[in-house]
Amino acid sequence: MTTLSFHNSLTHRVQEFKPIADDHIGLYTCGPTVYNFAHIGNFRCYAFEDILKRTLRFCGYNVKHVMNLTDVDDKTIRGSQAAKIPLNDFTQKYKDAFFNDIKTLRIIPADVYPAATAHIPEMLEIIKALFDKGIAYQAEDKSVYFSIAKWPRYGQLVHIDHDQMKAGARVSMDEYAKESVADFALWKAYDEADGDVAWDSPWGKGRPGWHLECSAMSSKYLGKTFDIHCGGIDNMFPHHEDEIAQSEAANGVKFVNYWLHCAHLMVDGQKMSKSLGNFYTLRDILEKGYTGREIRWVLIGTHYRQSLNFSFKALDDARASLQRLDALRSRLLENAAVADDKQDAQVDEILKNAIDAFTAGLADDLNISAALAAMFDLLRELNKLMDEKRCLGINAKNALETIKKIDSVLAVFEPDQDDSVPPEIQKMADDRQAARKAKDFATADALRKQLDELGWVIEDTPKGPRVKRK
Ligand code: AMP
Ligand code: ZN
């Protein structure tokens, strides 16, 4: 098995990866809060996790991947109240959208998608264990808190200085900054603002804190100690710090061996986020005529620990790079159709070297630049061989096999199959047709031009006009 190294946020260094079991890896990744469409910043994180998982598989490991869906918190409750629909119906819409989006981005789905609302008993068990150990307490506001003073190992991940902690200070919000490090809520006492969202517990009616769900669901599906936990760097504090504290204090064993965090997707120097309003959802970008494959290319193309600045120029560049891959693929397919069963040793060597260089790049903390360089070197060599008519028949077939192996990690070679037309685009095409029928050619032309700018063309077919991607 290939030796892999990853940067472990716990130790702050790149370490050789040693799994708990020989070839079965437990992987937990923090999933979306389903109160809105995920933005492409979130998808940068999920795309990095996809590359990690595909690399582990490529290197021969079996991976059990669990990703939670946060379907109860302040944001989901507020959203369902504003939409005047029950919480579950409200979150279902965004769960469905999330699954569609990951398909568009060629992200392999997790094996289990536990939802917070379906795991309240498991969360209560952790609180009970913490209570029995004297680490959890119920405050005057009836909420249950984790006492960080009772857990001296608090702060392992982000190195918090215990002398700075304010004894007895509490924070009931799910998200808070490192400056407000304090006892955090495990169980939030019912508040009228929560409407009908509440569960019974030995400490009264209420709902769980956000951090608790990941502790409960990861250990339920992966065991009390598992291999890898991922998320974006903004999740390191308080979310992951609190997860470690709760889990290790309750279970008495190490929680996770390797923590991998991806840097942010930025817009003009700031983190892309809902709260700053500087975000694009996946559908925003698809509507501008870009494909899931192009967006994936941009998201995976920068090393996961470097911040990535989002721009439409990067998407245009992606289109050009992918056209090079498409041209090579068509050329190889043509060459493979030529009868030739004599294997060329030099071609074999080039293919082997390409896989070795690609693997070495990924094994070095997912060094995507090195892995992509190996792929582009191969592309150049293959084009040269084909110019010399030395990559025909079996040799072209082997080259295609090699590319398929590389693509089991990158997932960018296959052209997009999805020819579905977004409703807005279809409406513009229908309006254009109606304008033509009404002999309003100026409007029809303007709509055609607009569609063209968005990356769509109208084709006349015997069944009438059909809109398709350019
Ligand atoms: P959230 O729904 O905000 O909990 O985020 C889901 C995941 O996306 C978390 O792992 C976040 O750390 C990650 N994330 C959020 N914004 C960004 C961003 N701009 N770039 C990269 N990852 C992000
Ligand atoms: Zn989490």
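The values are calculated or read from the model by the stated rules, or taken from the named source; none is laboratory data. Only a predicted model underlies this, so the values are computations on that prediction, with no experimental measurement involved. Glycine gets a Cβ as well: all are built from the backbone with ideal geometry, and neighbour counts include every protein chain shown.
Against the conditions (1) aliphatic (A, V, I, L, M); (2) under 22 Å from the mean Cα position of the chain (by Cα); (3) within 16 Å of ligand 2 (Cβ to nearest atom), Ile102 satisfies every one except (3). Has the stretch 348-358 got at least one residue that is within 35 Å of the chain's Cα centre (by Cα), at pLDDT below 95 and of a type outside the set (Gly, Ala, Ser)? No, the stretch 348-358 contains no residue that is within 35 Å of the chain's Cα centre (by Cα), at pLDDT below 95 and of a type outside the set (Gly, Ala, Ser). Within the stretch 8-34, residues that are farther than 14 Å from His240 by Cα and touching a residue at least 60 places away in the same chain (Cβ under 8 Å) sit with their Cβ atoms under 6 Å from residues that are assigned to a strand (DSSP E or B) and of a type in the set (Lys, Arg), at 6+ positions apart or across chains, in these pairs: Gly26/Lys64.
From the list Arg390, Arg432, Arg380, Arg436, pick out the single residue that is among the basic types (Lys, Arg), surrounded by 13 or more Cβ atoms within 10 Å (Cβ to Cβ) and in the same structural domain as Thr302 (by TED's automatic domain parsing). Only one candidate qualifies: Arg390.
What is the residue count in the stretch 64-92 for residues that are surrounded by fewer than 14 Cβ atoms within 10 Å (Cβ to Cβ) and charged (D, E, K, R)? Lay out the reasoning, then the answer.
Let us first name the residues in the stretch 64-92 that are surrounded by fewer than 14 Cβ atoms within 10 Å (Cβ to Cβ), namely 82-84, 86, 89.
Subset that is charged (D, E, K, R): 84, 89.
Residues flagged as surrounded by fewer than 14 Cβ atoms within 10 Å (Cβ to Cβ) and charged (D, E, K, R) within the stretch 64-92 amount to 2.
Checking the structure you have, find out if any residue of the stretch 405-420 is of a type in the set (Ser, Thr, Tyr), crowded, with 16+ Cβ neighbours inside 10 Å, modelled with pLDDT of 85 or more and outside the structural domain of Arg106 (by TED's automatic domain parsing). No, because not a single residue in the stretch 405-420 is of a type in the set (Ser, Thr, Tyr), crowded, with 16+ Cβ neighbours inside 10 Å, modelled with pLDDT of 85 or more and outside the structural domain of Arg106 (by TED's automatic domain parsing).
Listed residues Gly289, Gly269; which is modelled with pLDDT under 95, over 30 Å from Asp407 (Cβ atoms) and more than 16 Å from ligand 2 (Cβ to nearest atom)? Exactly one of Gly289, Gly269 is modelled with pLDDT under 95, over 30 Å from Asp407 (Cβ atoms) and more than 16 Å from ligand 2 (Cβ to nearest atom), namely Gly269. Please indicate, with yes or no, whether at least one residue in the stretch 435-447 is touching a strand residue (DSSP E or B) at 6+ places or on another chain (Cβ under 8 Å), among the β-branched types (Val, Ile, Thr) and either closer than 23 Å to Ser330 by Cα or not in a loop (DSSP other than H, G, I, E, B) (or both). No, that holds for no residue.
Can you tell which of Tyr113, Tyr46, Tyr94, Tyr35 is farther than 22 Å from Tyr280 by Cβ and within 16 Å of ligand 1 (Cβ to nearest atom)?
Details: Tyr46 fails: farther than 22 Å from Tyr280 by Cβ; Tyr94 fails: farther than 22 Å from Tyr280 by Cβ; Tyr35 fails: farther than 22 Å from Tyr280 by Cβ.
That would be Tyr113, the only listed residue that is farther than 22 Å from Tyr280 by Cβ and within 16 Å of ligand 1 (Cβ to nearest atom).
Of all residues in the stretch 224-241, those that are assigned to a strand (DSSP E or B) and out of contact with any Cys (no Cβ under 6 Å at 6 or more places or on another chain) total 5.
So that you can scan it fast, the table gives a plain yes or no per residue for (1) crowded, with 17+ Cβ neighbours inside 10 Å; (2) within 16 Å of ligand 2 (Cβ to nearest atom); (3) farther than 27 Å from Thr11 by Cβ; (4) at pLDDT 95 or above:
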| residue | (1), (2), (3), (4) |
| --- | --- |
| Pro152 | no, no, no, no |
| Ser172 | yes, no, yes, no |
| Lys178 | no, no, no, no |
| Leu186 | yes, yes, yes, yes |
| Phe226 | yes, yes, no, yes |
| His229 | yes, yes, no, yes |
| Asp242 | yes, yes, no, yes |
| Val253 | no, no, no, yes |
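Restricting attention to the stretch 307-320, does a residue exist that is touching a residue at least 24 places away in the same chain (Cβ under 8 Å) and in a loop (DSSP other than H, G, I, E, B)? Yes, the stretch 307-320 contains a residue that is touching a residue at least 24 places away in the same chain (Cβ under 8 Å) and in a loop (DSSP other than H, G, I, E, B). Of the listed requirements (1) under 34 Å from the mean Cα position of the chain (by Cα); (2) without any contact (Cβ under 8 Å) to a residue 24 or more places away in the chain; (3) outside any helix (DSSP H, G or I), Gly361 misses just one: (3).
Counting only residues that are without any contact (Cβ under 8 Å) to a residue 40 or more places away in the chain and among the aromatic types (Phe, Trp, Tyr), the stretch 423-470 holds 1 of them.
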